[in-house]
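Data first, discussion second: the structure below is written as structure tokens.
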Amino acid sequence: MYSLVTSVLGLLLSIQAFATTIPNELGEPKAGGLPRESSSEYEILYGSVRVGSDIQRVIVTKPLTSSPSAAMLLVGGIGCYSLDFSGTGPKVVAYERIIQFVSRMGFVTMRVEKTGMGDSVGTRCEDQDFKREVTGYLAGLKALQSYPFVKKDSISIFGHSIGGVIAPFLAAKVPVKSVGVIGSLATDWYTYDIANIRRQMILSGASGLQLEYYLAKKQLAALEFYKNKKSPEQIMQEHPEVTDALREEWESAGVSPAYMQQLGDVNPAQDWLRSRVPVTVFVGTADFIGSQVDELSVMVTGVNKTRSTPLTLRKVEGMDHFFRAAGSQAESFSSQRRDGLPLLFQDSFLQILKDEFLLSDKK
């Protein structure tokens with residue numbers, strides 16, 4: 001019995017000695033509850049990065065191999081939500097599907113929990129600004145680059161929605177192999193905002209005077225807020241008639257006014273010139289939220305006139321902003337197909353992601 005116990009104990013200690021660990025100031029994961037996220041095909045590691053007095057959780061998947069692997073950082077869209085896929089509660093299913101797919105391909109993946117979300121501690125997510133959010137992802141990317149199980153020259157960034165706006169800032173600071181974005185911007189936020197509101201109001205059935213009246217309020221509110229940099233209080237005092245249109249700018253996204261006002265300073269046509277990394281700009285044909293195919297085409301053409309490494313524009317037929325299969329923007333807007341059935345994840349996009357973005361990175 002003694003020899004059996006010592007043999008088992010020795011084995012357990014040996015396994016523990018060789019278990020993969022990453023820097024972690026947050027201890028064991030708690031977010032999401034039980035059951036914990038798990039897989040028999042890859043390791044799931046919980047770590048952290050520090051930004052000032054804030055500590056943000058990072059969740060990393062690692063292949064079951066001892067040799068360094070290619071890696072992908074996922075940068076999600078706007079808002080406050082957790083990327084821990086544990087438990088039985090609501091999850092961002094599309095991100096979960098993408099992470100699982102890329103992990104099974106043999107890539108290391110990283111998710112950075114937003115400040116105040118999941119196990120992260122510090123500033124409330126709703127109170128952070130855009131620059132602070134970028135800094136958190138940058139800390140995550142630098143940590144990913146430092147892990148001994150990551151191939152330093154084979155790190156990619158995949159940004160969705162506002163994550164695609166953040167991606168060029170990260171690529172300008174940390175050398176990466178490639179960047180892929182989807183559902184992102186082609187113009188500055190002010191120009192995008194007005195076009196997006198018009199498109200969505202038309203999809204909702206608005207027309208004529210009703211449409212033009214609200215757009216006039218929205219345009220004035222956005223002009224004062226994004227271009228003239230006035231505070232919300234000053235705008236509402238000077239133009240009380242635009243209060244509802246103004247507050248919608250940040251309340252609909254669940255972020256702070258400061259976040260949105262800083263977002264108003266970004267310009268993808270200029271930001272992509274900060275780096276020379278290969279970039280694939282994906283756009284779903286049923287996406288009514290992100291910039292449209294024609295707008296992105298103009299942006300890509302303009303950037304490619306002076307960028308040494310051209311951007312590549314790739315249409316994804318029949319997919320909406322949320323990675324769902326949809327026959328049209330109207331179907332996506334109503335969240336159901338013409339036959340009344342709900343919209344489901346567009347599985348075919350995973351193969352596109354593999355063939356046209358990830359495959360060339362796994363070397």
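The values are calculated or read from the model by the stated rules, or taken from the named source; none is laboratory data. What you see is a predicted model; the values in this text were computed from it and never measured. Every residue, glycine as well, gets a Cβ built from its backbone with ideal geometry; the counts of neighbours run over all protein chains shown.
Of all the criteria given as (1) surrounded by 15 or more Cβ atoms within 10 Å (Cβ to Cβ); (2) within 19 Å of A94 (Cα to Cα); (3) polar (S, T, N, Q), the one not satisfied by T312 is (2). Only one entry in V165, V242 is assigned by TED's automatic domain parsing to the domain that holds T301 and crowded, with 16+ Cβ neighbours inside 10 Å, namely V165. When K230 is tested against (1) outside the structural domain of V277 (by TED's automatic domain parsing); (2) part of a loop (DSSP other than H, G, I, E, B); (3) at pLDDT 95 or above; (4) under 26 Å from the mean Cα position of the chain (by Cα), exactly one condition is not met: (4). Listed by position, the helices (runs of 4 or more DSSP H) contained in the range 289-362 that have at least 2 residues being touching a residue at least 60 places away in the same chain (Cβ under 8 Å) and more than 30 Å from V150 (Cα to Cα) are 293-304, 329-334.
Considering only the range 293-300, I want to know if a residue exists there that is at pLDDT 95 or above, crowded, with 23+ Cβ neighbours inside 10 Å, within 14 Å of I182 (Cβ to Cβ) and not assigned by TED's automatic domain parsing to the domain that holds I235.
yes
Of all the listed residues (A258, A221, A171), the sole one being assigned to a helix (DSSP H, G or I), modelled with pLDDT of 95 or more and in the same structural domain as Q145 (by TED's automatic domain parsing) is A171.
Suppose the filter is small (G, A, S), at pLDDT below 95 and either on the phi < 0 side of the Ramachandran plot or part of a helix (DSSP H, G or I) (or both); does A206 pass it? Lay out the reasoning, then the answer.
Values: small (G, A, S): yes; at pLDDT below 95: yes; either on the phi < 0 side of the Ramachandran plot or part of a helix (DSSP H, G or I) (or both): yes.
Here the answer is yes, as A206 does meet what is asked.
When the range 84-130 is filtered for residues that are among the charged types (D, E, K, R) and over 18 Å from the mean Cα position of the chain (by Cα), the ones remaining, listed by number, are R104, D119, R124, D127.
Going by what's in this entry, would V242 be described as in contact (Cβ under 8 Å) with a residue 60 or more places away in the chain and among the β-branched types (V, I, T)? So V242 does not fit the description; no. Among the numbered conditions (1) small (G, A, S); (2) modelled with pLDDT of 95 or more; (3) more than 17 Å from I44 (Cα to Cα), the only one that G89 does not meet is (2).
Of all residue pairs spaced 6 or more apart or on separate chains, those with beta-carbon atoms under 6 Å, a first member in the range 268-283 that is part of a helix (DSSP H, G or I) and a second member that is among the small types (G, A, S) are A269/G302; R274/A172.
Residue pairs whose Cβ atoms lie under 8 Å apart, sitting 6 or more positions apart in sequence or on different chains, and linking a residue in the range 174-188 that is under 9 Å from G290 (Cβ atoms) to a partner that is β-branched (V, I, T) and in a strand (DSSP E or B), are I182/V281; I182/V283; I182/V316; G183/V283; S184/V281.
Please go through the range 56-69 and give me each residue that is within 19 Å of the chain's Cα centre (by Cα) and of a type outside the set (S, T, N, Q), ordered by number.
Answer for the range 56-69, where residues must be within 19 Å of the chain's Cα centre (by Cα) and of a type outside the set (S, T, N, Q): R57, V58, I59, V60.
Would you confirm whether or not the range 151-158 contains a residue that is buried (at least 24 other Cβ atoms within 10 Å of the Cβ), among the polar types (S, T, N, Q) and within 30 Å of K229 (Cα to Cα)? No, the conditions are met nowhere in the range 151-158.
Table: residues versus (1) small (G, A, S); (2) surrounded by 18 or more Cβ atoms within 10 Å (Cβ to Cβ); (3) touching a residue at least 40 places away in the same chain (Cβ under 8 Å).
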site: V75; (1), (2), (3): no, yes, yes
site: G79; (1), (2), (3): yes, no, yes
site: S82; (1), (2), (3): yes, yes, yes
site: E96; (1), (2), (3): no, no, no
site: F101; (1), (2), (3): no, yes, yes
site: G106; (1), (2), (3): yes, no, yes
site: R111; (1), (2), (3): no, yes, yes
site: T115; (1), (2), (3): no, yes, yes
site: D119; (1), (2), (3): no, yes, yes
